[in-house]
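Data block below; observations after.
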Amino acid sequence: MEASPTISRRNLLRGAGLLGMGVGFGMTGLLSACGLAADDEDAAERRGGTLTLAVDATGGVNDPAFYTALGDWMAVDCICRGLTFISFETNDVQPDLAESWEISTDQLTYTFKLRQGVTFHDGTTFSSADVLASLGRQFNPDDKTLPTGASPPLKSLGANVASLEAVDANTVKLVLKKPDRMVLARLSDIGGRIISKAALDKHGADIGKNLVGTGPFKFVSATAGQAVTLEAFDAFRLGRPPIDRLVLQQVQDPSTIVSSLLSGDIGGTQFTPYSALDRLKGDKAVTVHDTPYSFDAILMIDARRIPELEVRQAINLAIDRKAILAQAFFGTGALPVGYAIPPSQNGHDPSLADLSTTDVDKAKQLIQAAGATGREVRLMAASDSWHPKAAQIIAQNLTDIGLKVVADSVDPATYFGRVLNPDDKFHDLMIWERNSYVPDPDNMIGALAMPAGVYGDFASGLKTLKGADAFAAELTEAKNLPDGPERTAKYSDIQRRFAEQYMVLSMLAYSCNPVVSGSSVQGMNVAGLGSHRCFMEKASV
């Protein structure tokens, strides 16, 4: 939601009302992975077959400008490519549909030289007209190709665009109003995916049901609540994928995910329950991949409901993070020693470890000094994955320091909407997570501490606190610094003041969306899948 651009993608997709809906898992809908594992030199022998990935949900709409469910966004990742690409195996921005680019000395003008000879799935040839149509629709809220309810992820980028024009068929010029070092990285996100202009002209707002891109897989069919089916694109510019077909199958029952991985009915997923990982590691039928710790598990504190800084600090000090790691994540994760920037990203700084320490005695003292002993606080958490156990632990932690906790377990389909509603009666404390689709501090602390963003406005009320508005300019300055010690120091300074002076964000843990695959599946981009990005062009079964 780029009007509030830096929202947790996983929970925004929950907010679309699709993560807990649909017909659920049907075994007859699965297409089992087939073929045998082989070394790279035997890749030809591994061609063909179907790879089935278990996804959270599918709403049957695959549109880069429209949030539905993670399964649908994974389909967009496979169908379309963008001007730039980040593999997550490295955080560096790489050329994709843009062969190269030049940036003016004032950092305002980006001139993209487009790759020639690239073909869309509908047979049309990629050109600057497709770029203008695909990006321009997100920069214009009145564009007729946007479906009702669309919240384009590039909307905030568009607000900073002075002009977007085609110099010629193979050159695009993007001019900004203010410098933004994150432009290239953000164009690698799903919102930056390029659609066939011919398809947009033909299908308009229904493009999400007829998506046409240049990616490794082309759209075949999608059924809400069941599956999205894709097939290999012979003319993909990097070569035809080894597999013939990719199925993104909705599977919402944790035990079914585990049993289907073991039986081979599911070829891979990043939705494996944490509780099953130890068991799966001992079974030769599957591979439990080493997935980078890339997301923040967090507790948002609404300063409008808990106005005393001392009480918010006490809540942070009371949390038993080791218990959350052990019991909610079953050991799959790490303590948040770098505050909001996880260890997989540049800018991670372990010197911030003291911001997430546990000190129950000090917490009790702060509660007593604030006259808050016996005060009722309300805690809200989604009812899936690690959230319920973390809520149980936090509720006990806060009870132990003298607060009275009333908790509410919320269906994932409605959770996000309640987080966005400051009038919700359980808005005091909210368990959440921040996944990063662009692996950079700007997409983590740059989102969480932005006063006008979803976190700083709707969730925490940060923007109502004296002096907090200064973070907007500071975060802009930080994101425009080159990676290195100066940028890390700037982000560390912002995080320390954000935590010590405001404490609307209590870090719980770093963790990952654990990737597990059948032992015969090779070539998946595990780092990408662990961040809900779907790069399966090298996968084989």
*Whole-number percent relative contact order across the chain, with pairs defined as alpha carbons under 8 Å at least 6 apart*: 22 percent
*Mean Cβ neighbour count within 10 Å, used as a protection proxy, ranking 392-400, 245-253, 280-288, 101-109 highest first*: 245-253, 392-400, 280-288, 101-109
*asked:* With n ≥ 4 as the cut-off for DSSP H runs, can you work out [θ] at 222 nm for the chain, using -39500 (n - 2.57) per run divided by the number of residues, rounded to the nearest 500?
replied: -7500 deg cm²/dmol
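Where the only charges are on Cβ atoms (+1 Lys, Arg; -1 Asp, Glu), what is the dipole of the range 444-541 about its Cα centre, to the nearest 20 debye?
Taking the Cα centre of the range 444-541 as origin, the dipole is about 140 debye.
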*Long-range amide H contacts for Val286: which residues qualify at under 5 Å (H placed 1.01 Å from N, peptide plane, sequence gap of 5 or more or a different chain)?*
Ser519
*Among Ser127, Thr111, Cys80, whose Cα sits farthest toward the positive end of the charge dipole of the range 77-135 (+1 at Cβ of Lys/Arg, -1 at Cβ of Asp/Glu, about the Cα centre)?*
Ser127
*Short version: ³J(HN,Hα) in whole Hz for each residue of the range 231-244, in order, from phi by Karplus 6.51 cos²θ - 1.76 cosθ + 1.60 (θ = phi - 60°), x for Gly and Pro, what are they?*
10, 4, 9, 4, 9, 4, 5, 9, x, 4, x, x, 7, 7
*Coil-residue trypsin sites (Lys or Arg not before Pro) of the range 386-491, DSSP, other Cβ within 10 Å capped at 10*: Lys466
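Relative contact order (percent) for the range 387-475, with alpha-carbon contacts under 8 angstrom and 6 or more residues of separation? The partial results should precede the final answer.
Numbers: 63 pairs, mean separation 17.4, N = 89.
Over the range 387-475, the number comes to 20 percent.
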*the range 312-374 shape via C-alpha gyration tensor axes, a/c threshold 1.5*: oblate
*From the square roots a ≥ b ≥ c of the eigenvalues of the alpha-carbon gyration tensor of the range 331-427, which class results: rounded (a/c under 1.5), prolate (a/b over b/c), or oblate?*
oblate
*Assign unit charges at the C-beta atoms only (+1 for Lys and Arg, -1 for Asp and Glu), then state the dipole size of the range 383-440 relative to its Cα centre in Debye, rounded to the nearest 20.*
120 debye
_Given a 1.4 angstrom probe, I'd like the percentage of the accessible area of the chain that is carbon and sulfur, rounded to a whole number._
49 percent
*asked:* If I model the range 460-516 as equal point scatterers sitting on the Cα atoms and use the Debye formula, what is log10 I(q)/I(0) at q = 0.14 Å⁻¹?
replied: -0.51
*Could you give the accessible area per residue of the chain, probe 1.4 Å, as a whole number in Å²?*
36 Å²
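Given the peptides 345-356, 206-217, 125-136, arrange them by the average over their residues of other C-beta atoms within 10 Å, most packed first.
Output ranking for 345-356, 206-217, 125-136: 206-217, 125-136, 345-356.
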*asked:* Which one, Ile319, Pro307, Gly267, projects farthest toward the positive side of the charge dipole computed for the range 266-319 from Cβ point charges (K/R +1, D/E -1)?
replied: Gly267
*Counting only C-alpha contacts under 8 Å and six or more residues apart, can you give the relative contact order of the range 106-216 as a whole percent?*
37 percent
*Counting Lys and Arg as +1 and Asp and Glu as -1, what is the net charge of the other residues whose Cβ lies under 13 Å from the Cβ of Ala323?*
+1
_the range 383-508: C-alpha gyration tensor shape, a/c 1.5 cut-off, then a/b vs b/c_ = prolate
*Work out from phi, with θ = phi - 60° and the Karplus expression 6.51 cos²θ - 1.76 cosθ + 1.60, the ³J(HN,Hα) of each residue of the range 286-297, listed in order in whole Hz, and give x for Gly and Pro.*
9, 10, 8, 7, 7, 9, x, 6, 10, 10, 9, 8
_Charges at C-beta only: +1 for Lys and Arg, -1 for Asp and Glu. How large is the resulting dipole of the chain about its Cα centre, in Debye rounded to 20?_
660 debye
*Which one of Leu352, Ala478, Ala447 has its Cα pushed farthest toward the positive end of the charge dipole of the chain, where Lys and Arg give +1 and Asp and Glu give -1 at the Cβ?*
Ala447
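The values are calculated or read from the model by the stated rules, or taken from the named source; none is laboratory data. Not measured: the values here are computed from a predicted model. Ideal geometry is used to build each Cβ from the backbone, glycine not excepted, and the neighbour counts take in all protein chains shown. Areas reflect the complete protein model, heavy atoms only, side chains present, ligands, DNA and RNA absent. Shrake-Rupley method; radii C 1.70, N 1.55, O 1.52, S 1.80 Å.
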